[in-house]
């Protein structure tokens with residue numbers, strides 16, 4: 001088990017960073033896609049917003065599994081943002097901020113899920129025996 005004070009401090013920073021970037025990413029996605037015309041891209045973005053909202057209860061409760069599967073949603077948001085960045089003739093600064101926040105949130109979420117999962121003794125490996 002990991003319980004030294006420096007790890008606990010880094011874990012609390014990762015948790016706070018992940019929570020703040022999750023809320024900021026949700027707000028930015030809504031603001032950005034509210035101005036887009038109806039298209040398949042906008043529909044996909046609203047589905048990503050729904051996935052971020054669905055993860056909020058587990059993130060607030062600090063559930064490591066939620067942080068783990070939220071990483072998949074964050075990678076989809078990152079790919080969506082990169083696609084928009086290179087597709088539009090004049091991309092907005094919000095797209096760049098969405099890409100940055102998705103990377104920050106992904107790194108913080110994965111660190112939190114890994115470290116907190118080890119503290120709780122959670123594992124995906126099968127036990128021999």
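The values are calculated or read from the model by the stated rules, or taken from the named source; none is laboratory data. The structure presented is a predicted model; accordingly, all values stated were derived computationally and were not measured. In this analysis, Cβ positions are derived from the backbone assuming ideal geometry, glycine residues included, and neighbour counts consider all displayed protein chains.
Could you please let me know if residue 54 is at pLDDT below 95 and at positive phi?
Against the criterion (at pLDDT below 95 and at positive phi), residue 54 does not qualify.
What number goes with the only condition from (1) assigned to a loop (DSSP other than H, G, I, E, B); (2) over 16 Å from the mean Cα position of the chain (by Cα) that residue 85 does not pass?
All conditions pass for residue 85, except number (1).
Is one or more of the residues making up segment 24-40 surrounded by fewer than 16 Cβ atoms within 10 Å (Cβ to Cβ), closer than 28 Å to residue 115 by Cα and out of contact with any helix residue (DSSP H, G or I) (no Cβ under 7 Å at 6 or more places or on another chain)?
yes
With respect to residue 66, is the statement that it is part of a helix (DSSP H, G or I), over 12 Å from the mean Cα position of the chain (by Cα) and under 15 Å from residue 15 (Cα atoms) true?
Details: part of a helix (DSSP H, G or I): yes; over 12 Å from the mean Cα position of the chain (by Cα): no; under 15 Å from residue 15 (Cα atoms): yes.
Taking the combined requirement at face value, the residue does not satisfy it.
Do the conditions hold for residue 58, that is, is it closer than 21 Å to residue 122 by Cα and not in a loop (DSSP other than H, G, I, E, B)?
Yes.
Looking at (1) surrounded by fewer than 18 Cβ atoms within 10 Å (Cβ to Cβ); (2) more than 15 Å from residue 115 (Cα to Cα); (3) touching a residue at least 12 places away in the same chain (Cβ under 8 Å), can you tell me which one residue 62 breaks?
Every condition holds for residue 62 apart from (2).
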